[in-house]
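In what follows, a single structure is set out as structure tokens and then discussed.
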Amino acid sequence: MSFRNAKNPVAMRLWRVIGWSGCAAATVALTVALMGQWPSREHAPVQDVAQWQSRQQSDLDAQASPPASRVGLKATALPEPASSTRVGIDVLARLESAGRTGLAAQTDARNFSDSLDDALQRALAFPDFGALAGRSDAEGLFEAAAWADACERNALPAQEMALRCREPDRHGPNYADELLRQAADAGQPGAVLALATRHPDQWMEIPLRSGAMLGDRVFTLAALGRSGALALLSQFCAVPNACIDDQLTRNVLALLQLSRFKTGTLEVDQYLSGPDTTRRAAQDRAAQIRAQLQWPP
């Protein structure tokens, strides 16, 4: 019996349902077959979304952090800060070397002015600047520098300024500095220290006419025990990275200065810094340097 000819309405509706269901199933099967995909389990689409989100996050992370090779190239191209590569000066070694050469031993015992103030008192004994400026010896140059410096600083009384400062003024504003250079080059210790004090940041690199460096003259005076020269070295090493092993160097320089005007060791520790091992090392090194420089005990 054919269902098409069946006059039973229920049977006809059942046939329609079965027919449409079969067509839908066939359509889905054909579509899946053409796409080459078939869900393996019920939650496969959800897993695909999670994987896509994971890939997206990975791409974002890659953009935020360049590959290791690119980072390495960029780091290589950038120079390091100068402070990290700066090599400090071995002040203690230079001090010992200056003591062995003894460049200023011949001039240390001469009758020199110790400071600009002392030189000025001697300079004012001359009636006029011309009489003093004619001298070419180290002390004469230093006294002339002190005179010119007093005029540049307006350090004399008004009447003295009018009488004594006309000639130095004709040589320009840096005349005192030039006279100091000449006096320092001639071996005047006070001029060396005065010139270095006037240029606290550059004295290590100031050249003199003879080809010597002002810094070498300062080290020579320090090796001879001049407290002003030792103080200049201490100030130099107070700058970070200026001196090798700066804490030990500062401690040794402090001990060397103390040994020039103090006796005993009861109050030495208050001038030193660092742990006990560092302080003991400084005391040993200072004693070694004093022996090499032949300083009195």
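Taking just the alpha carbons, could you work out the radius of gyration and Dmax for the range 154-294, both in angstroms?
Gyration radius and largest Cα-Cα distance of the range 154-294: 18.9, 61 Å.
Could you tally the net charge around T101, taking each other residue with its Cβ under 12 Å from the Cβ of T101, Lys/Arg +1 and Asp/Glu -1?
Value of the local net charge: +1.
Post the alpha-carbon centroid distance, the range 123-172 to the range 214-255, in whole angstrom.
Centre-to-centre (Cα) distance: 32 Å.
Sorted by packing (mean other beta-carbon atoms within 10 Å per residue), highest first, where do 162-168, 244-250 land?
For the peptides 162-168, 244-250, the packing ranking is 244-250, 162-168.
Where q = 0.25 Å⁻¹, what log10 of I(q)/I(0) comes from the Debye formula for the range 198-255, counting one point per Cα?
Calculated log10 I(q)/I(0) at the listed q: -1.08.
For the range 113-179, take the convex hull of the Cα atoms, compute a quarter of its surface area, and give me that in nm², please.
Mean orientational projected area (the range 113-179, Cα hull): 3.9 nm².
What does the charge count near E167 come to, summing +1 for each Lys or Arg and -1 for each Asp or Glu among other residues with Cβ under 15 Å from its Cβ?
Result for the neighbourhood of E167: -3.
Compute, for the range 217-270, the length of the dipole vector about the Cα centre, with Cβ point charges of +1 (Lys, Arg) and -1 (Asp, Glu) only. Units Debye, rounded to 20.
Value, rounded to 20: 300 debye.
Near the amide H of I89, under 5 Å away, which other amide H atoms are found, from residues 5 or more places off or on another chain, if H is placed in the peptide plane?
It is C243, I244, by chain and number.
Dipole of the range 184-255, Cα-centred, from +1 at each Lys and Arg C-beta and -1 at each Asp and Glu C-beta, to the nearest 20 debye?
220 debye
Computed from the coordinates by the stated procedures, all read-outs in this text should not be read as laboratory data. Just so it is clear, the structure is predicted and the values come from calculations on it, not from any experiment. All Cβ positions, even for glycine, are placed from backbone atoms using ideal geometry, and neighbour counts span all protein chains on display.
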